[in-house]
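Q: Starting off with a structure, shown below.
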Amino acid sequence: MEYPEVITHKNGRQRKVAGANIPNENLRDMDRGETSLFGPEVEEEAEGLIQGSDYEDSMRHRARLGIRGELGNVSLLLFLYVLQGIPLGLAGSIPLILQGKSVSYKDQAFFSFVFWPFSLKLLWAPLVDALYFSRFGRRKSWLVPTQYLLGLFMLYLSATVNSLLESDTGRGPSIVTLTAVFFMLAFLAATQDIAVDGWALTMLSRENVGYASTCNSVGQTAGYFLGNVLFLALESANFCNKYLRAEPKDTGIVTLSDFLFFWGVVFLISTTLVAILKSENERKGKRRVQEETKGVMETYQLLFSIIKMPTVFTFCALLLTAKVGFSAADAVTGLKLVEAGVPKEQLALLAVPMVPLQILLPLIISKYTAGPRPLDIFYRAFPFRLLIGLGYALLVWWTPSVKQDGGFPVYYYAIVLLSYAVHQVALYSMYVACMAFHAKVSDPLIGGTYMTLLNTVTNLGGNWPSTMALWMVDPLTSKECQGALAQSCGSAEEAALCVTEGGLCVTTLDGYYVESVVCVVIGLAWWVWLGKKMRQLQEQSPASWRCRLNQ
């Protein structure tokens, strides 16, 4: 791509993706692995840019207009973040649909790479920030083509997704193609996130820039809800017949193809309107937050210099391994519940009553992580989360015995909801403690880049164990062919031959239970030996966390 007026500027920014879903705890960790970089930190940077009369003008402007003068910009940001959440929600719903088509867990593991781009976007964020067409706009240069591609990908998927998911032919869903297309959707959504995050800093005035974080969290949560929870409910024939229809039908109100087509059109139309009607450089008398100016190579060198620091390198190694003990519970439990017959739309809807808890928990836990040793909370919550993982395994084992002809009783869903709520308490305790420690040790001179790096490593530390956990379920599972002599079920071909010979493949040892125990043992070993090492990092002097380029 040719850039006639190439300008190099600052480093990339990381943001979080909101969503709540029991079957996709890897998404939950993905969401929490990143944090807003234009909350109080950016407001402090903005205040540092205000000098003399500029500050007085800003204060007078704040008193006169406040947020009312920028409702249009806030609404636009909110809408852009909603659009960002749609493909992420759809990607989160696909594993549940695949599970209903009896795909292997290796296929689920392969598809889980779709959730990696938001963990890796730091690799290309500096490029998005530095290269652009100056006449068109720094952020619109990436936002407009990215959203056009998102819309075109959705339209393409709307025409092909049924064939990609088709399993009646015997070959099963086309996992490789599905993964490639949804990976591109997630990659484009992550790139759009970088562009919108950067635009938010200059689109809003200094006194209102703090609303960017609100737009991000609310917008992405709403988008994920629309693309995941609402879609799964409206796509389910059982849910629609039970709650939304007077006369039952064989299909839901919407199909995946219809949903993709609708949002593809929305992406294309809204992007065109933004490209034509919204000027990136308009000022209208408001004082805007100026952006940092770091070149691409300078940003990469800075990241490398941070990673080379002994304390940071040790901390990153601990972050990359800390979640291995939770991987089976987080990545596989929801899929096992769907395999046991729990409707996927019912599991998705359990996310709704969790929203108030997810809002309150950080506020409550932050009171205990505000001191000099926030990782003590991380350490104490660690074994409880491991035990909850064993509780999830018991829940999966108990589920088939509770199933009735009409589905599952209300008390079963109440127990699932309670289990998830307890899990959220442990998870948020560790998350808030970790984020508090990141803020505590980050070099204030390069706080944005520093925090983004630590949050990215935390994020990646949740993704790779989840992929590995899904990958190992099938190899750890033992099956035998009953009813057909001299036949086995060691592979898909052997299982098909067993059925052809009149037999039935029966699971004698589910790899999920083996994995659950192994993960807990690994987690306990990490807690005993490496957990103490993490706590000791709190005793390091502030100088040991400062980048040498800033000394």
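The values are calculated or read from the model by the stated rules, or taken from the named source; none is laboratory data. The structure displayed is predicted, hence computed values, not measured ones. Note that each Cβ is placed from the backbone with ideal geometry, even for glycine, and that neighbours are counted across all protein chains shown. To get the accessible areas, we keep the full protein, side chains included, count just its heavy atoms, and leave off ligands, DNA and RNA. Shrake-Rupley method; radii C 1.70, N 1.55, O 1.52, S 1.80 Å.
Q: Which number in (1) touching a helix residue (DSSP H, G or I) at 6+ places or on another chain (Cβ under 6 Å); (2) at pLDDT 85 or above; (3) not β-branched (Val, Ile, Thr) marks the one condition that LEU504 misses?
A: Exception for LEU504: condition (1).
Q: So, in segment 454-498, of the ones that are aliphatic (A, V, I, L, M) and closer than 18 Å to PHE113 by Cα, which residue ends up most open to solvent (accessible area, probe 1.4 Å)?
A: Filtering segment 454-498 for residues aliphatic (A, V, I, L, M) gives 454, 457, 460, 468-470, 472-473, 476, 484-486, 492, 495-497.
Those left that are additionally closer than 18 Å to PHE113 by Cα: 457, 460, 468-470, 472-473.
Details: VAL457: 22, LEU460: 44, MET468: 96, ALA469: 5, LEU470: 8, MET472: 69, VAL473: 1 Å².
This residue is MET468.
Q: Mind checking whether some residue in segment 173-188 is assigned to a loop (DSSP other than H, G, I, E, B) and open to solvent by 10 Å² or more (accessible area, probe 1.4 Å)? Don't jump to the end; show me each part of the working.
A: Step one: filter segment 173-188 for residues assigned to a loop (DSSP other than H, G, I, E, B), giving 173-174.
Still in the running and open to solvent by 10 Å² or more (accessible area, probe 1.4 Å): 173-174.
Taking every residue of segment 173-188 in turn, at least one turns out to be assigned to a loop (DSSP other than H, G, I, E, B) and open to solvent by 10 Å² or more (accessible area, probe 1.4 Å).
Q: Follow-up. Suppose we filter segment 507-549 for residues that are out of contact with any Ser or Thr (no Cβ under 8 Å at 6 or more places or on another chain) and not in a helix (DSSP H, G or I); how many remain?
A: Number satisfying all stated conditions: 2.
Q: Would you pick out the residues in segment 377-413 that are open to solvent by less than 20 Å² (accessible area, probe 1.4 Å) and within 27 Å of the chain's Cα centre (by Cα)?
A: PHE378, ALA381, PHE382, ARG385, LEU386, GLY389, TYR392, ALA393, LEU395, VAL396, listed by residue number.
Q: What's the number of the condition LEU165 fails, among (1) among the aliphatic types (A, V, I, L, M); (2) open to solvent by less than 30 Å² (accessible area, probe 1.4 Å); (3) modelled with pLDDT of 90 or more?
A: Of everything listed in (1) among the aliphatic types (A, V, I, L, M); (2) open to solvent by less than 30 Å² (accessible area, probe 1.4 Å); (3) modelled with pLDDT of 90 or more, LEU165 misses just condition (3).
Q: In segment 514-551, what residues are closer than 30 Å to ILE388 by Cβ, out of contact with any Leu (no Cβ under 9 Å at 6 or more places or on another chain) and open to solvent by 50 Å² or more (accessible area, probe 1.4 Å)? Let's see the steps before the verdict.
A: Within segment 514-551, the first condition is being closer than 30 Å to ILE388 by Cβ, and the residues that meet it are 514-539.
Filter once more, so that each one left must be out of contact with any Leu (no Cβ under 9 Å at 6 or more places or on another chain): 521-522, 525, 528-529, 532, 536, 539.
Listed by number, the residues that qualify are VAL521, ILE522, VAL528, TRP529, LYS532, GLN536, GLU539.
Q: I would also like to ask the following. Test PHE225 against the criterion of being touching a Pro at 6+ places or on another chain (Cβ under 7 Å), open to solvent by 10 Å² or more (accessible area, probe 1.4 Å) and in a helix (DSSP H, G or I), and give yes or no.
A: Working: touching a Pro at 6+ places or on another chain (Cβ under 7 Å): no; open to solvent by 10 Å² or more (accessible area, probe 1.4 Å): yes; in a helix (DSSP H, G or I): yes.
So PHE225 fails the test.
Q: Next question. For segment 198-222, how many residues meet the condition of being in contact with a Phe, Trp or Tyr (Cβ under 7 Å, 6 or more places away or on another chain) and in a helix (DSSP H, G or I)?
A: Here is the first cut: in segment 198-222, the residues in contact with a Phe, Trp or Tyr (Cβ under 7 Å, 6 or more places away or on another chain) are 200-201, 204, 209, 212-213, 215-216, 219-220.
Imposing the further condition that a residue be in a helix (DSSP H, G or I) reduces the set to 200-201, 212-213, 215-216, 219-220.
Count: 8.
Q: Free of Cβ contacts under 8 Å to residues at least 24 places away in the same chain and not aliphatic (A, V, I, L, M): which single residue out of PRO95, PRO126, PRO145 fits that description?
A: Details: PRO95 fails: free of Cβ contacts under 8 Å to residues at least 24 places away in the same chain; PRO126 fails: free of Cβ contacts under 8 Å to residues at least 24 places away in the same chain.
Answer to the check: PRO145.
Q: Scan segment 205-251 for residues that are among the aliphatic types (A, V, I, L, M) and without any contact (Cβ under 8 Å) to a residue 40 or more places away in the chain and jot them down.
A: Kept after step one, since they are among the aliphatic types (A, V, I, L, M), are these residues of segment 205-251: 209, 212, 218, 222, 226, 229-230, 232-234, 237, 244, 246.
LEU230, LEU234, ALA237, LEU244, ALA246, listed by residue number.
Q: Another one. Which condition from (1) of a type outside the set (D, E, K, R); (2) open to solvent by 80 Å² or more (accessible area, probe 1.4 Å); (3) under 22 Å from GLY389 (Cβ atoms); (4) more than 31 Å from the chain's Cα centre (by Cα) is the one that THR507 breaks?
A: The number of the failed condition is (2).
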